[in-house]
Amino acid sequence: MAAITAGLVKELRDKTGAGMMDCKVALTETAGDIEAAIDWLRKKGLAKAAKKAGRVAAEGLVAVESSGHYAIALEVNAETDFVARNIDFQAFVREAAKVALNTDGSVEAVAAAHFPGASVTVQEKLASLIATIGENMNLRRSVKLEVSGGVIASYVHGAVADGLGRIGVLVALESEGNVVKLSALGRQIAMHVAALNPTALDAAGVPAETIAREKAILLEKHQGKPANVQDKIAESGIKTFFKEVTLLEQPFVHDGSKSVAQVLKENEGAVGAPIKLTGFVRYALGEGIEKEETDFAAEVAAAAGQS
């Protein structure tokens, strides 16, 4: 019998996408024969994950989870929206988010972390779930927010279960004030973020290349005017742009007569201490993933042998 080395287990895992423990058991059952082990995993339905890895996964769930002064936003993708309603998938995403709280928040750290109740990592547990459900899935992204004092408020839009939905938002508020009132304010701001999708906290957070592109567009629109006039128009236009895309300058979605910064300042009296919005996260399910567009009628016609 061949020795079941770590290298042999890794080779089988790379070929099948099955979990490390499943690969070790398969090799033990087949006396270290790689090909026989592959067949063993296929018979057990555990070698499906690798074959599905090339398929586009743009559905799934976004999770938010918090504990004390820490919070996590996590996106796990699948191929179809049906999976989002699968209780096993929901349980996995929820548990993975809880695990993520004890990591640095990077998706690599989450994937390598131990999955509770099993002798596997989060990534290995996901591979097993892929084999069970039959769709490509992946841990797409994860981020961790922290406050030294105050709260990290959250909001989930399109929720299918507690803390799970299509848009997940975290808002970090540093303050020594009343936690209950601070949490209520934070949730309102989180709802604002979900609705208006700011790109940065303030002007300093907007990339220089983005500002340059906006300025170039403004100057192009006003070609032919004196240079000093163009500069003033561009300066005014950039200020307007910041009000549209930065969270602190955006008109508050619950009261358009005030900016988010003004709302924070006005609530300091009720909270009983200064409030500083230090960061936010907005994850929208599948954003940025190029989905394959298909012509269903054409597919049916082709299947029927029609031109």
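The values are calculated or read from the model by the stated rules, or taken from the named source; none is laboratory data. Please read all numbers here as calculations on a predicted model, not as lab measurements. Don't worry about glycine lacking a Cβ; one is built from the backbone with ideal geometry, like all the others, and counts go over all protein chains shown. Areas reflect the complete protein model, heavy atoms only, side chains present, ligands, DNA and RNA absent. Shrake-Rupley method; radii C 1.70, N 1.55, O 1.52, S 1.80 Å.
Here are some notes:
- Acute angle (nearest 10 degrees) that the helix 20-29 long axis makes with the longest principal axis of the chain, alpha-carbon atoms: 0 degrees
- Förster-model FRET efficiency, 22 Å R0, Val160 and Ala195, C-beta, rounded to 0.05: 0.70
- Using a Förster distance of 35 Å, the FRET efficiency for Ser183-Ile211 (Cβ separation, nearest 0.05): 0.55
- Above-threshold pairs, the threshold being 23 Å between Cα atoms, out of Lys15/Lys125; Lys15/Lys144; Lys181/Lys265; Lys98/Lys181; Lys10/Lys125; Lys232/Lys258: Lys15/Lys144; Lys98/Lys181; Lys232/Lys258
- If R0 is 45 Å, the Cβ-Cβ spacing of Arg42 and Glu146 corresponds to a FRET efficiency of close to 0.55.
- Cut-off of 10 Å, at most 12 other beta carbons, DSSP loop: longest stretch of the chain lacking such trypsin sites (Lys or Arg not before Pro): 56-290
- Loop-located chymotrypsin sites (Phe, Trp or Tyr not before Pro) in region 50-159 whose Cβ has at most 15 other Cβ within 10 Å (DSSP): Phe82
- Straight Cα distances below 15 angstrom link Lys221 to the aspartates and glutamates Asp231, Glu235, with same-chain residues fewer than 8 positions distant left out.
- Per-atom-type breakdown for the chain gives carbon and sulfur 52% of the accessible area (1.4 Å probe, protein chains only).
- Relative contact order, whole percent, for the chain stands at 17, derived from Cα pairs under 8 Å and 6 or more residues apart.
- Were the residues from Glu29 through Thr278 laid out at 0.36 nm apart, the gain over their Cα-Cα distance would be 84.2 nm.
- For the chain, accessible area per residue (1.4 Å probe, heavy atoms of protein chains only), Å²: 52 Å²
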